[in-house]
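The structure appears right after this line, and notes come after that.
The values are calculated or read from the model by the stated rules, or taken from the named source; none is laboratory data. Since the model is a prediction, treat every value here as computed from it, not as a measurement. Heads up, the Cβs are rebuilt from the backbone with ideal geometry, glycines too, and the neighbour counts pull from every protein chain shown. Each accessible area value is taken on the protein alone, full model and side chains, heavy atoms only, with ligands, DNA and RNA left out. Shrake-Rupley method; radii C 1.70, N 1.55, O 1.52, S 1.80 Å.
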Amino acid sequence: MKRTTSRRIETVIRVIVLTFYGLLVVLPIYWMVITSFKTNPEIVNTQHITYFPETFTLENYQSLFRMLSYSTYLKNSIIVTLVSAIVIVFLSILGGYGLARFKFKGKGGVLIFFMLTQMIPCILVIIPLYIVFSKMGLINTRIALFIYYVITNCPFCVVTMRSFFERIPYELEEAAYVDGCGRLETLWRVVLPVMFSGIVAVFVFAFIGAWNELIAGTIFLNTPDMWTIPVGLKSLIGKYSVQWGALMAGGVLALLPTAIMFMFVQRYVVEGMTAGAVKG
Amino acid sequence: MSKRANDEKRAMGALSRRRKNMPYYFMLPVLLPLVLLFGYPLIKSCIIAFQNYKLGNPDIYFNDFENFRKLFADRDFFLILKNSLIYVIGSVAGQFFLGLGLALALKKKFPGRGIYQSIVFLPWAFSAFVVGLLFRWSFNGEYGVVNDLLLKLNIVEKGPAWLGTPGLSLLVVTIAMIWIGIPFFGIMILAALQSIPNDVFEAADIDGCGIFRKFFSITVPYIKPTIIITILLRTIWIFNSFDLIIIMTEGGPANYSQTLPSYIYTKAFSAYDFGLAGAFGLMLMLILGMYAVVFLKISNYEEAGDF
């Protein structure tokens with residue numbers, strides 16, 4: 001009897017807590033989305049702030065497309081992000097496998113080095129790279145951003161991938177070696193297929209990291225035809241007038257790709273991290 | 001020694017050499033670019049920090065500790081340092097406790113957990129840039145929804161200009177940072193929770209342990225490594241991040257929400273004083289390095305760097 005009441009209380013508390021977190025996340029997003037569908041006079045009406053658009057309009061989206069060449073930014077963002085993420089996944093597989101399966105001289109040093117890279121303020125990396133890139137004529141190219149995204153996202157992804165590899169029993173590989181397969185062949189045919197969720201997780205980390213990056217983008221790119229989405233949107237923020245409707249519309253569009261992607265693969269990310277969490 | 005034995009020995013030697021080199025074949029493609037592209041900038045930054053390096057300046061020379069003198073002579077340096085600490089500690093603490101709560105609430109299965117998870121973890125996928133815009137808009141003094149709600153609930157007489165008031169602007173930036181970071185802690189801690197074997201809890205149930213006893217004696221020790229490493233990483237990331245600040249306040253009003261990295265950014269790319277920016281950057285790195293060492297010592301974490 002006592003057990004069921006305490007269980008009921010537990011359930012009630014859990015529902016309250018879950019509702020709290022749900023609202024915490026949903027309300028700001030809701031606010032952004034409905035602002036993007038309001039007319040401008042409604043947005044800046046101090047007397048009467050509406051919690052649902054009185055007149056539903058797409059004019060913010062239209063003016064966004066008028067002011068910015070959004071499709072160009074989208075194209076730039078997709079190219080840089082996708083290529084970076086693919087390369088990062090590839091490097092993470094190599095590095096993660098190397099760290100998980102071998103003991104070698106300097107392994108501890110490698111891990112400390114990865115940790116150190118996280119401590120370097122990004123400006124200390126960006127400034128010298130900026131100087132070098134301008135000498136090499138790489139400023140205002142996608143290569144500059146690509147290089148920057150790969151090196152900044154790699155350490156975390158490699159170490160994450162390593163913990164995914166560690167979860168896979170070595171016996172699985174041994175069987176393949178007995179059958180005469182080489183390292184790479186085994187990695188490709190035996191190991192990678194069973195760690196799909198880990199690969200997806202790392203790809204998503206890398207993709208999100210590059211897609212959302214703003215600072216290096218504003219520094220390395222200087223003509224609108226090369227801008228990525230965050231850089232393009234930033235140009236909308238004037239010093240004196242801020243077009244909130246258009247900005248919120250731009251925000252919704254900028255978040256949409258990663259949000260959809262994340263919703264689909266969220267399961268794999270948690271699954272993958274559960275595997276990695278054993279090691280910490 | 002027969003020829004055959006010799007051949008065998010040579011073959012073995014080649015094989016073991018190959019085996020010995022094997023890890024480096026895997027590591028080099030990753031390490032080489034990283035060492036080069038982090039190492040060179042770092043060395044260059046150290047040099048620049050002691051030079052009068054300005055972009056386009058034709059006459060660059062070493063100016064001893066001039067940049068560092070300028071740094072400490074900066075009127076706002078200690079204000080900025082204080083802001084950084086408040087911002088980092090506030091954000092990490094907020095993210096950690098809220099993330100822990102979320103993870104605990106998600107631990108047990110319930111119908112619709114998958115969909116629920118993909119919604120509450122969403123901010124992870126969001127850019128600091130857009131979140132910054134969103135919070136800047138929500139906390140707008142005139143048209144903001146936050147002030148409207150506070151007025152309607154009769155909590156305030158007149159809504160403050162959040163982002164234009166010293167103290168409040170840093171608070172709003174911190175709130176935004178907490179909001180983005182809850183999912184990171186949530187996912188990491190949830191993952192750690194799910195890896196605790198269930199029979200440990202069953203045994204505790206049989207022994208008649210209460211919820212709190214179970215939490216502090218079983219859950220916490222099990223997820224401690226995850227907690228340590230996530231807090232360490234997150235602290236470093238937040239300390240180094242400044243896009244949120246640039247978007248929301250640009251450090252204003254009058255540097256009251258300026259943190260070290262955002263200040264460095266402003267110094268570097270408005271005045272193009274790379275020398276001074278380098279000096280500030282080294283300062284920041286020094287603080288982070290000391291923090292990491294002390295933190296790992298205090299928390300008794302043996303596997304330094306194993307994140």
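Okay, helix-only estimate at 222 nm for the protein assembly as shown: each DSSP H run of n ≥ 4 adds -39500 (n - 2.57), divide by all residues, round to 500 deg cm²/dmol; what do you get?
Calculated from helices alone, the mean residue ellipticity at 222 nm is -24000 deg cm²/dmol.
Between A and B, buried accessible area summed over both sides at probe 1.4 Å, in Å² to the nearest 100?
Details: alone 16930 and 19090 Å², together 27150 Å².
Looking at A and B, the buried total is near 8900 Å².
Just name one of B:Leu276, B:Pro183, B:Gly210: the one whose Cα is farthest towards the positive end of the charge dipole of the stretch B:179-307 (beta-carbon charges, Lys/Arg +1, Asp/Glu -1).
Checking the options against the dipole of the stretch B:179-307, the answer is B:Leu276.
How high is the FRET efficiency between A:Asn40 and A:Leu172 when r is their beta carbon distance and R₀ equals 41 Å, given to the nearest 0.05? Spell out each step's value before the answer.
On the way: r = 60 Å, r/R0 = 1.48.
For A:Asn40 and A:Leu172, the calculated efficiency is 0.10.
Tell me which residues come under 5 Å, amide H to amide H, from A:Val242 once H is placed; ignore anything under 5 positions away on its chain.
none
With every protein chain left in place and a probe of 1.4 Å, what is the accessible surface of A:Arg167, to the nearest 10 Å²?
Estimated to the nearest 10 Å², A:Arg167 gives 130 Å².
Based on the alpha-carbon gyration tensor of the protein assembly as shown, what equivalent-ellipsoid semi-axes (square roots of 5 times the eigenvalues) come out, in whole Å, largest first?
Values: eigenvalues 323, 230, 114 Å².
In descending order, the three semi-axes are 40, 34, 24 Å.
Taking a cut-off of 24 Å, what percent of all Cα-Cα pairs in the stretch B:208-307 are separated by more than that? Numbers along the way, then the final one.
Working: 2173 of 4950 pairs.
Taking all Cα-Cα pairs of the stretch B:208-307, the fraction more than 24 Å apart is 44 percent.
Check which residues have an amide H placed less than 5 Å from B:Gln51's amide H, if you skip close sequence neighbours.
B:Asn63
Tell me, what ³J(HN,Hα) does each residue in the stretch B:151-160 have, in order and in whole Hz, if you take phi through Karplus 6.51 cos²θ - 1.76 cosθ + 1.60 with θ = phi - 60° and put x for Gly and Pro?
Once rounded to whole Hz, the list reads 5, 5, 8, 6, 7, 10, 7, 9, x, x.
So what does B:Glu66 come to for accessible area, using a 1.4 Å probe and Å² rounded to 10?
Only protein atoms counted, so the area is about 70 Å².
Could you give the dipole magnitude of chain A about its Cα centre, charging the beta-carbon of Lys and Arg +1 and that of Asp and Glu -1, in debye to the nearest 20? List each step's numbers first, then the result.
On the way: 22 positive and 13 negative charges, 134 e Å.
Taking the Cα centre of chain A as origin, the dipole is about 640 debye.
Leaving ligands and nucleic acids out of the surface, order A:Glu10, A:Glu54 by accessible area at 1.4 Å, largest first. Write down the numbers at each step before the final one.
Values: A:Glu10 70, A:Glu54 125 Å².
Largest to smallest exposure gives the sequence A:Glu54, A:Glu10.
Say the dipole of the stretch A:69-277 comes from +1 at the beta carbon of Lys and Arg and -1 at that of Asp and Glu; which of A:Val194, A:Asn76, A:Phe104 then lies farthest toward its positive end?
Positive-most Cα among the choices belongs to A:Asn76.
Send over a whole-number figure in Å² for the accessible area per residue of the protein assembly as shown, probe 1.4 Å. Provide the component values of the computation, followed by the final result.
Details: 27150 Å² over 587 residues.
The answer is 46 Å² per residue.
In whole angstrom, note down how far apart the Cα centers of the stretch B:82-101 and the stretch A:202-253 are.
26
Let a ≥ b ≥ c be the square roots of the eigenvalues of the Cα gyration tensor of the stretch B:16-164; is it rounded (a/c under 1.5), or, if not, prolate (a/b larger than b/c) or oblate? Walk me through the numbers on the way to the answer.
Numbers: a/c = 2.96, a/b = 1.24, b/c = 2.39.
Because a/c hits 1.5 or more and a/b fails to exceed b/c, the stretch B:16-164 counts as oblate.
With θ taken as phi - 60° and the coefficients 6.51, -1.76 and 1.60, list the Karplus ³J(HN,Hα) couplings across the stretch A:126-132 in order, rounded to whole Hz; mark glycine and proline as x.
5, 4, x, 4, 4, 5, 5
Once you have a ≥ b ≥ c as the square roots of the Cα gyration tensor eigenvalues for the stretch A:69-277, tell me rounded if a/c is under 1.5, and otherwise prolate or oblate according to whether a/b is larger than b/c.
Working: a/c = 2.53, a/b = 1.78, b/c = 1.42.
Taking the square roots of the gyration eigenvalues as a ≥ b ≥ c, the stretch A:69-277 is prolate.
Once a ≥ b ≥ c are taken as the square roots of the eigenvalues of the Cα gyration tensor of the stretch B:67-298, is the result rounded (a/c under 1.5), prolate (a/b larger than b/c) or oblate (a/b not larger than b/c)? Spell out each step's value before the answer.
Values: a/c = 2.54, a/b = 1.48, b/c = 1.71.
Oblate shape, in that a/c is at least 1.5 and b/c is the bigger or equal ratio.
In debye, nearest 20: dipole of the stretch B:67-298 around its Cα centre with unit charges on the Cβ of K, R (+) and D, E (-)?
Numbers: 17 positive and 12 negative charges, 54 e Å.
With only Lys, Arg, Asp and Glu charged at Cβ, the dipole is about 260 debye.
Quick one: if you stick a label point 7 Å off each Cα along the C-beta vector at A:Leu82 and A:Asp179, how many nm between them?
3.4
Using Cα centres only, tell me the gap between the stretch A:1-60 and the stretch B:200-238 in whole Å.
Using only Cα atoms, the two centres lie 31 Å from each other.
Of A:Lys75/B:Lys44; B:Lys20/B:Lys44; B:Lys108/B:Lys214; B:Lys107/B:Lys214; A:Lys234/B:Lys82; A:Lys75/A:Lys234, which ones are farther than 25 Å apart at the Cα? Don't jump to the answer; show the numbers that get you there.
On the way: A:Lys75/B:Lys44 34 Å; B:Lys20/B:Lys44 34 Å; B:Lys108/B:Lys214 15 Å; B:Lys107/B:Lys214 14 Å; A:Lys234/B:Lys82 28 Å; A:Lys75/A:Lys234 17 Å.
Checking Cα-Cα distances, A:Lys75/B:Lys44; B:Lys20/B:Lys44; A:Lys234/B:Lys82 exceed 25 Å.
Could you check how much of the accessible area of chain B is carbon and sulfur, as a whole percent, using a 1.4 Å probe?
Numbers: 9610 of 14660 Å².
After summing per-atom areas, the C and S share lands at 66 percent.
Would you kindly find the accessible area of B:Phe78, with a 1.4 Å probe and non-protein molecules such as ligands, DNA and RNA excluded, rounding to the nearest 10 Å²?
The accessible area of B:Phe78 comes to roughly 130 Å².
List the aspartates and glutamates whose alpha-carbon lies under 13 Å from that of B:Lys70, not counting same-chain residues fewer than 8 positions away?
Counting by Cα, and skipping residues close in sequence, B:Lys70 has these aspartates and glutamates nearby: B:Asp273.
Between A:Phe196 and A:Leu256, what is the label-point separation in nm under the 7 Å Cα-to-beta-carbon projection?
It works out to 2.8 nm between the two label points.
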